[in-house]
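A quick write-up on the structure given underneath.
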Amino acid sequence: MNIIIFGPPGAGKGTQSDFIVKKYNLLQVSTGKILRDEIKNKTNLGQKISSLMSAGSLVEDKIVNKLIEEIVSNRNNENRFIFDGYPRNLDQASNLDNLLKKYEQKINIVLKLSVSLNTIKTRISERRYVEKRPDDNEEVAIRRYETYEKSTEPVIEYYKKLNLLKVINGERPIDQINKEISGIIDTLQAWL
Ligand code: ADP
């Protein structure tokens with residue numbers, strides 16, 4: 001089973017995918033986390049992307065697509081992906097399609113956590129004191145939200161047309177969202 005989870009910054013994608021990973025023994029593929037680790041470890045790539053990321057802009061497709069290929073091409077990971085933060089634009093979505101085809105897999109379900117801009121602002125201003133991410137200030141968060149609307153919403157539309165999309169109200173308490181997602185995945189597994 002392969003899953004994609006979408007949601008604007010601060011929607012709770014990370015929290016929900018942590019939960020799904022544990023419960024269903026999946027592999028979390030969070031491009032944001034991978035890229036932040038590159039910066040933390042001061043790698044060449046990390047130095048190259050750090051200013052882009054703190055400004056809230058997307059990292060080049062070429063870089064991210066290559067990271068994803070390294071993960072998807074590993075047969076040990078087959079059919080247990082939850083993509084979180086990828087694909088973020090249509091070019092990345094078509095890259096993922098091609099890769100999955102090449103490795104004889106597919107996406108089984110796409111989850112979208114939907115949250116209003118107001119809630120996002122509040123959550124991010126609370127989170128910045130805990131996680132200390134340089135891109136978690138109000139101005140940059142709004143920029144990330146705008147990028148999400150402009151680049152990522154079309155990708156969600158694409159999966160909707162393929163009948164893979166489930167929209168989840170992300171404004172509710174974490175455990176209620178956990179329950180709804182579990183219900184969706186359990187039903188899907190029963191069909192697989
Ligand atoms: P959020 O969804 O809260 O913005 P992420 O951890 O998913 O957080 O992403 C943080 C940043 O990492 C993005 O603003 C972007 O700079 C970079 N990034 C993450 N995933 C991608 C991607 N698929 N393509 C390009 N840039 C990405």
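What the table below lists for this structure:
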{"quantity": "Evaluation of Lys23 against (1) surrounded by 15 or more Cβ atoms within 10 Å (Cβ to Cβ); (2) of a type outside the set (Asp, Glu); (3) in a helix (DSSP H, G or I) (one fails), failing number", "calculated": "(1)"}
{"quantity": "Condition check for Ala11: open to solvent by less than 60 Å² (accessible area, probe 1.4 Å), within 21 Å of Thr152 (Cβ to Cβ) and part of a helix (DSSP H, G or I)", "calculated": "no"}
{"quantity": "Residues satisfying the stated conditions in region 68-110, i.e. surrounded by fewer than 17 Cβ atoms within 10 Å (Cβ to Cβ), within 16 Å of the ligand (Cβ to nearest atom) and either within 13 Å of Val29 (Cβ to Cβ) or of a type in the set (A, V, I, L, M, F, W, C) (or both)", "calculated": "Glu69, Glu70, Ile71, Leu90, Leu99, Leu100"}
{"quantity": "Which numbered condition Gln47 misses (of (1) within 17 Å of Asp136 (Cβ to Cβ); (2) surrounded by fewer than 17 Cβ atoms within 10 Å (Cβ to Cβ))", "calculated": "(1)"}
{"quantity": "Region 75-104 residues that are more than 16 Å from Ile5 (Cβ to Cβ), paired with ones that are part of a strand (DSSP E or B) and not polar (S, T, N, Q) (beta carbon under 8 Å, 6 or more apart)", "calculated": "Asn77/Leu27"}
{"quantity": "Of all residues in region 50-62 being closer than 20 Å to Phe6 by Cα and either of a type in the set (Gly, Ala, Ser) or more than 8 Å from the ligand (Cβ to nearest atom) (or both), the one that is most open to solvent (accessible area, probe 1.4 Å)", "calculated": "Ser57"}
{"quantity": "Condition met for Ile168 (in contact with a Leu (Cβ under 7 Å, 6 or more places away or on another chain), open to solvent by less than 80 Å² (accessible area, probe 1.4 Å) and away from the ligand (no atom under 16 Å from the Cβ))", "calculated": "no"}
{"quantity": "Any hit, region 116-133, residues being of a type in the set (Phe, Trp, Tyr), modelled with pLDDT under 95 and either open to solvent by 60 Å² or more (accessible area, probe 1.4 Å) or assigned to a loop (DSSP other than H, G, I, E, B) (or both)", "calculated": "yes"}
{"quantity": "From the options Ser50, Ser30, Ser54, residue that is hydroxyl-bearing (Ser, Thr, Tyr) and touching a Gly at 6+ places or on another chain (Cβ under 9 Å)", "calculated": "Ser30"}
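The values are calculated or read from the model by the stated rules, or taken from the named source; none is laboratory data. Since the model is a prediction, treat every value here as computed from it, not as a measurement. Methodologically, a virtual Cβ is constructed for each residue, glycine included, from the backbone with ideal geometry; neighbour enumeration extends over all protein chains shown. Just the protein is used for accessible areas: all its heavy atoms, side chains included, with ligands, DNA and RNA removed. Shrake-Rupley method; radii C 1.70, N 1.55, O 1.52, S 1.80 Å.
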